[in-house]
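Visitor: First the structure, which I've put down as structure tokens, then a few questions once you've had a look.
The values are calculated or read from the model by the stated rules, or taken from the named source; none is laboratory data. All values reported here derive from a predicted model rather than from experimental measurement. Note that we place each Cβ from the backbone using ideal geometry, even for glycine, and neighbour counts take in every protein chain shown.
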Amino acid sequence: MARGSFQLIILVFLFQLLDFKIFKIAYYKQNLHSICRQNEKKVLITFKEALTDPSGRLASWHGEDCCRWNGVSCDNRTGYVIEIKLQNPYPNSFNGDGFIYELGGEVSPSLLDLKYLNHLDLSMNNFGGARIPDFLGSMSKLRYLNLSSASFGGQIPPNLGKLSELEYLDLSYYYNETVGNGLKWISELHLFQCQQVSLPTSFSSVNFTSLSVLDLSYNDFNSTIPEWLFNLNSLKRLDLKSNNLYGVLPDALANLTSLEELDLSHNFNIEGKLPRKLGKLCNLQKLVLANNRVDGDIMEFMDGLSECSNNRLETLDLGFNELTGNLPNSLGRLKNLLYLRLWHNSFQGSIPETIGNLSSLRELYLSCNQMSGKIPVSFGELVSLYAVNMSENMWEGVITEAHLKNLSSLRILSIGQLRPNVSVVFNISSDWMPSFKLVYIKIQACQLGPNFPRWFRNQTKLKTIILNYARITDVIPDWFLNMGLELEELDVAHNQLSGKIPNSLCFSLGSNVDLSSNFFEGPLPLWSTNVTSLYLRDNLFSGPISSNIGIAMPSLIELDITRNNLNGTIPLSIGYLIGLTTLVISNNHLSGSSPQFWEKTPLFRSLNFLKFLSLSNNNLSGEVPSSLGNCTQLRRLDIGDNQFSGKIPVWIGENMPSLLIICLRNNSFTGNIPSEICRLSILHILDISKNNLSGFIPHCVGNLSGFQKVFTFRMAEYGEGLRLITKGGIFRYLSVQQNLVNSMDLSGNNLSGEIPSEFANLFRLETLNLSMNHLSGQIPPAFGKLTWLETLDLSKNQLSGPIPTTLVSLTFLNHLNLSYNKLSGKIPSGNQFQTLIDPSIYMGNDALCGFPLSVECDGEISPLPAQNNWDIDDKNDLEKVWLFSFVGLGFLTGFWAICGSLILKKQWRDAYFKFVERVAARNCVYFA
């Protein structure tokens, strides 16, 4: 027993001793790095004093142990400083607390005394354009040097090439035009967004023997891909995206046999066919050639990719090019593919059945091509698929549960086209529950209805729902309203949905709602404060607009409730929508005179961002409020077909320089046309017809330069469609069509005086209507310069004199009306006037004559019949007799030579008719 106790005591002692030694070893191991060398501590202090540190990031740089200072690391064994990491932790300079965290000042040459420093990171700071210190090229132990986004400038020191152990150099966002030579042993070179403008075509003095990563992206190189790149045999990653490179894709890229990543995207002018040899780089994991002009058939290239027995390709991005052809079956051999982006090309044909072999595929983008055919059932085998976009193609056939059954990872689904012709049908059982949980669904021009899709019942993570032209003839079901979705976008436009819309739908901040072109009824819905775009046009909503709409939905930026059955007045609370850019309330039954409509608080006092305003085709009255003049960014002003009165405000021309469209038609405006309108330099649609305007047409009309030139950019959207009178009828132009129209309509007023010849300056004018006024004088001959004119209506005025012969040169003119004036003389002939043969064009002008009127002009000789219109003298008569004689003799000789022989010789006759029968039979088969 005593012996056992003694052994136990010895054992405890040994454990304690062992534990003490372990603790001692751990203590020394932990504190060995803290042995700061005093000479290197002084170096760091000198380095710190040369820097500016407004936020005190280097406040810990005091005390004896420099190895514990922030950003400083020492060798655990020797205590030498080996790393200085002073990257700015807040790249945007501020951390929200008002402090500037960027270091600046100078980089002290005292760093040369840190003999074992191998890692220096000064990135994301601000050295105010100072040159990179030359002495850095003498720090022979450096393996890592990061000076990116540190605002260094000037020439890069050539002696950086002496850093024989340097493996990583990052000079991204460096502002200079040349790169130093001699970096023979470097393995990574990053010159991202350095504003480099020249990429040498010859780089013989540089021997990047060990270079594995070369990043020259986001520069401004304006050259072809240089040949010296093709000699970098160790290169694994080459990034040249977002430059100005041009020229044909070189076959020599295939020489880079070690290449794993190649990115030439966003150069826009790289062209030519995809080199087949490029597909034989079997180490490639990422190939990005998007946003260029690469063309040709993809099949041969894709076949080349698939020939690698151990294909490693994970990313293939060829989007936004000009590629053609069908996707081959060999696509199914790229079994490591994660991302396949082929959108915005001209591919044809269907998706190959082998697509189901790509079990690792996460993203598939095929949108905006010319593909067609049925979606293969094997598509349902893409178990890893997260996002698919196949929209804007010409798919057909039926999609069933089999196409979707195994897509448990699917979150984003987009299929269909903007065109309303439906060719794809979803035939899915009402009780089917998919295994996926979609976040985004976009189905356009596919038959999803007639019922609202019940398989949405378990899609509880939906954020975006777009179902256009889906042939849904249903109400929005209660189960959908009770799902508790918080949507970012709800777009079910162009269906046949009906019923009332409850206010219980929930939307997240910045959401868009489009319920247009359905049969929804009842009052306008009022949703949460988060909705920014609300489109309810072309429905059956009725009743007044809620008086507190501007308070209930203060985030609204776009509001379109046109073509409904709304009545009452426009609520003043709309004036609280300070961010509103689009307000379209046309084609309703709104009313109100000026005092009741605008009252004391001007509706437009705070709508400074308004760009599109349309109140047309209502019963609004009163004068246009002066507060509308505050909307200085307005591009479309459409208040036509109302009962507005007073004068056209001069501030329209003074305060609204961005106006593209003015439509004041069919109101009760009086007074003159203000000359200030001539200041609107980009105006290209002006309709002030059917008012009570008087006075002269201002001669400054020729200054409207929007009718004189082609704009390279106009707003693609103008809000709703626009009705214009042109070509003798009323045409409704869609919003995207209006940027193609140049029209001026001043008809149906009391304008007087002569037509200004300055109209001739508007040579891109397409429609000019001055009819139903009291204009006098002659038609300006200068109108012959309006070479783009398609419609000219000057009818029902008091114009006199002849029709200018210069109008004959208007080769696009297809609608002309000069009726009911006092014109005289002969109607011009030739060119386009030969097609204007309707006499009603000229009726009511008693002094006009000539074709197509039945009135002949004085002194004009009527044309003789064609058969009597020969002026043949005796000599010509004799020549024609001989001519007809020889022609007749030749005909008789040929006729009897052929027909006579067939009549006389039966064998020839039989052979001839058999030949005729064979030809006839062949033709019948061919046409059948």
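Visitor: If I filter the stretch 809-850 down to residues being among the β-branched types (V, I, T) and in contact (Cβ under 8 Å) with a residue 24 or more places away in the chain, which single residue comes out as surrounded by the most Cβ atoms within 10 Å (Cβ to Cβ)?
Guide: Within the stretch 809-850, the match that is surrounded by the most Cβ atoms within 10 Å (Cβ to Cβ) is I827.
Visitor: Determine, yes or no, whether G182 is at pLDDT below 60 and on the phi > 0 side of the Ramachandran plot.
Guide: yes
Visitor: If I ask for residues that are under 15 Å from T562 (Cα atoms) and among the hydrophobic types (A, V, I, L, M, F, W, C), which ones from the stretch 514-532 would you list?
Guide: L515, F519, F520, L524, listed by residue number.
Visitor: Moving to a separate point now. Inspect the stretch 451-463 for any residue being assigned to a strand (DSSP E or B) and surrounded by 20 or more Cβ atoms within 10 Å (Cβ to Cβ) and give the result as yes or no.
Guide: Checked against the condition, which is being assigned to a strand (DSSP E or B) and surrounded by 20 or more Cβ atoms within 10 Å (Cβ to Cβ), the stretch 451-463 yields no hits at all.
Visitor: Do any strands (runs of 3 or more DSSP E) lying entirely in the stretch 357-417 carry at least 3 residues that are under 26 Å from R312 (Cβ atoms) and at pLDDT 95 or above, and which ones are they?
Guide: 363-365, 387-389
Visitor: Mind checking which residues of the stretch 523-551 are part of a helix (DSSP H, G or I) and either surrounded by fewer than 17 Cβ atoms within 10 Å (Cβ to Cβ) or free of Cβ contacts under 8 Å to residues at least 12 places away in the same chain (or both)?
Guide: Answer for the stretch 523-551, where residues must be part of a helix (DSSP H, G or I) and either surrounded by fewer than 17 Cβ atoms within 10 Å (Cβ to Cβ) or free of Cβ contacts under 8 Å to residues at least 12 places away in the same chain (or both): just I551.
Visitor: While we're looking at this one, here's another question. Look at G319 and say whether it is in a strand (DSSP E or B), surrounded by 17 or more Cβ atoms within 10 Å (Cβ to Cβ) and among the small types (G, A, S).
Guide: Criteria not met by G319.
Visitor: Can you tell me which residues in the stretch 573-594 are among the β-branched types (V, I, T) and outside any loop (DSSP other than H, G, I, E, B)?
Guide: Of everything in the stretch 573-594, those that are among the β-branched types (V, I, T) and outside any loop (DSSP other than H, G, I, E, B) turn out to be I574, T582, V584.
Visitor: Check M302 against each of (1) surrounded by fewer than 21 Cβ atoms within 10 Å (Cβ to Cβ); (2) over 27 Å from F436 (Cα atoms) and name the one condition it does not meet.
Guide: Just one mismatch for M302, condition (1).
Visitor: Kindly state which strands (runs of 3 or more DSSP E) lie completely within the stretch 622-690 and contain at least 3 residues that are hydrophobic (A, V, I, L, M, F, W, C).
Guide: 661-663
Visitor: Give me a count of the residues in the stretch 776-808 that are surrounded by 17 or more Cβ atoms within 10 Å (Cβ to Cβ), polar (S, T, N, Q) and touching a helix residue (DSSP H, G or I) at 6+ places or on another chain (Cβ under 8 Å).
Guide: Total satisfying the criteria: 1.
Visitor: Just need a number here: residues in the stretch 654-700 that are among the basic types (K, R), without any contact (Cβ under 8 Å) to a residue 60 or more places away in the chain and over 23 Å from N608 (Cα atoms).
Guide: Number satisfying all stated conditions: 1.
Visitor: Taking the stretch 573-605, which residues are at pLDDT 85 or above and in contact with a helix residue (DSSP H, G or I) (Cβ under 8 Å, 6 or more places away or on another chain)?
Guide: Selection gives S573, I574, Y576, L577, L580, L583.
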